[in-house]
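The structure under discussion appears below in the form of structure tokens.
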Amino acid sequence: MLRLTAKSTQFGRKTFTSWLIESAGTVPIKRRKDFAEGDADNSEVMEMLMQALEAGDAVCLFPEGMSRYHPTIAPLKTGVARLVSDVLTRNRDNPNFSISILTCSVTYMHRQDFRSDVLVTFNPPMKFTTKDNPELLAPVDFACIRDITGRMHQLISSQTIDAPSWDLIRSAKLAARIYAPLGTSMSLGDFVRVMRTFVEAFKPSEAKGKKSDPQKKEDADINRLRDDLKRYQDRLVYWGIKDDRIRRPLRRRTIMLRMLIRLVWFICLTSISLPGLVLWTPVFFTTFYGVHNFKKSGPIWDTWDEIAQYKLVYGLISGVIVWISSVLLTLPFATITVVLVPALMWMTLRWLEDAVSAFRAFTALFRLLWVGPTTLKELRETREDLHSRIMNVAVGTLGLPQNPEKHFLESGGQEKGRAKTKWESGTKYFSMRRRRKRDWNETLRLYDKVDYPDVGL
């Protein structure tokens, strides 16, 4: 059994989400900042969690202490390590007793944007036994607790993006896209791992001691590359175009033809989406209204969990009501509409995403006409120089494959998002999990999303 935990302020409310959390057996955790007098006694909660672990249950804890959206991982709380120590101490007379910590790394492409992607990676478990880890039995040196917490932090950060600033992530993402250009058949996990490799390379060097001249030159070259990438991305943002538009130059006649195709495709997809959008309207309105009112209840940075729950619950309930109402209104054909309505609503999302993508491409092509041949030539020369330097760093320094398009096409299994044949790519359009994407940076926006929030959320 999985025992979830959540902050105590979500319990005891007269709301459906509060009832749902309590009914799922979730354990309330008191946070000091939620109690003005600092009275956050979790001794009873810890006892419940230890009993659950001793019974063989799994316990879900959030070591950062809160939901946040920052470029770097927050210092982890020591509660998980202390819980492991307490459980081992209670079972010190059982030499075969063991307990494991399974850390999970979460990587958001654009957490604040609808229909963006998220990668969840489970790391190798950390196993502890009363026999092999006597240092965790009471009395415990707190340095051992800090050591476990540090190892957890290292595991989590090893499989996600952990950078000192959003600007560095922005430059690393551009470097990853130049290295493995749009159209490379790679899974989201592949893309995040390549992006993380560049993030680690671009981080300011903190190595102590005297460096050799080749090391100093290598660091200086990487720093210049990072700065040049930022300037190049700033210019792309200014003109409202993507790097791929620079990589593959188009003649004006070709641009205008593609604009016409995208516009016609947008109109067609929007037209066939209208019946489904009528069904979705109550769901969107109800969810927006509920979340809008809830945001007034507290600081936005401390309500992300509740906002996600409200969206899920309000969307689910209003969607079910729309489905039932549609079936009742078409009672003579209920056997058809009971299946047709949810199918139509699901396909409407697919069509709407493609419609937005088509219009986004149309506007990008339109802006490409306004850039002018001189500016395009300058951008193309800048990109060619960046590509050469990125490949030198990627292959020569970071050990990435020389031919990423071939490597990612041939390596890996059937991860989500990977399509190796045209038939497979076509059938993924009707996948219940996601729309096929060529760009993992894509969101449901009428413009290309490349920037991040100025402050952490």
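Quick note: the coordinates plus some simple rules give every number you see, no bench work behind them. Since the structure is predicted, the reported quantities are computational estimates derived from the model, not experimental observations. Cβ: placed from backbone, ideal geometry, glycine included. Neighbour counts: every protein chain shown.
Summary table
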read-out: Dipole of the chain, positive direction: furthest Cα of Asn96, Phe284, Met48, with charges on the beta-carbon; value: Phe284
read-out: Relative packing of 376-384, 170-178, which averages over residues the other C-beta atoms within 10 Å, highest first; value: 170-178, 376-384
read-out: Contact order normalised by residue count of the stretch 173-285, Cα under 8 Å, 6+ apart, percent; value: 27
read-out: R0 of 22 Å, Cβ-Cβ distance Glu54-Ala143: FRET efficiency to nearest 0.05; value: 0.25
read-out: Cα gyration tensor category, rounded, prolate or oblate, for the stretch 66-112 with a/c compared to 1.5; value: prolate
read-out: Amide H within-cut-off set for Arg3, under 5 Å, with H built and near neighbours excluded; value: Ala58, Val59, Cys60
read-out: Fully extended contour minus Cα-Cα distance, from Glu384 to Asp234, at 0.36 nm per residue; value: 52.3 nm
read-out: Debye, to nearest 20: dipole size of the chain, +1 on Lys, Arg Cβ, -1 on Asp, Glu Cβ; value: 2000
read-out: Cα gyration tensor shape for the chain, rounded if a/c is under 1.5, else prolate or oblate; value: oblate
read-out: Point-to-point label distance, Leu274-Phe333, nm (Cα→Cβ direction, 7 Å offset); value: 1.8
read-out: The chain - percent relative contact order, Cα under 8 Å, separation 6 or more; value: 19
read-out: Paramagnetic label zone (point 7 Å from Cα along Cα-to-C-beta, Leu369; backbone N under 12 Å) in the stretch 212-256; value: 252-256
read-out: Spin-label pair Ser325/Phe11, simplified geometry with 7 Å Cα→Cβ offset, distance in nm; value: 3.6
read-out: Listed residue (Thr184, Ser325, Val80) projecting farthest to the positive dipole end of the chain, Cβ model; value: Thr184
read-out: Förster-model FRET efficiency, 35 Å R0, Leu263 and Phe288, C-beta, rounded to 0.05; value: 0.75
read-out: Signed unit charges on C-beta, dipole axis of the chain, positive-most listed residue Leu365, Gln215, Met1; value: Leu365
read-out: Modelled FRET efficiency - R0 30 Å, Thr72 with Glu135, Cβ distances, 0.05 increments; value: 0.50
read-out: ³J(HN,Hα), Karplus 6.51/-1.76/1.60, whole Hz, each residue of the stretch 117-126, x for Gly, Pro; value: 9, 9, 10, 10, 10, 8, 8, x, x, 9
read-out: Descending semi-axes in whole angstrom, ellipsoid equivalent of the stretch 217-267, from the Cα gyration tensor; value: 34, 11, 8
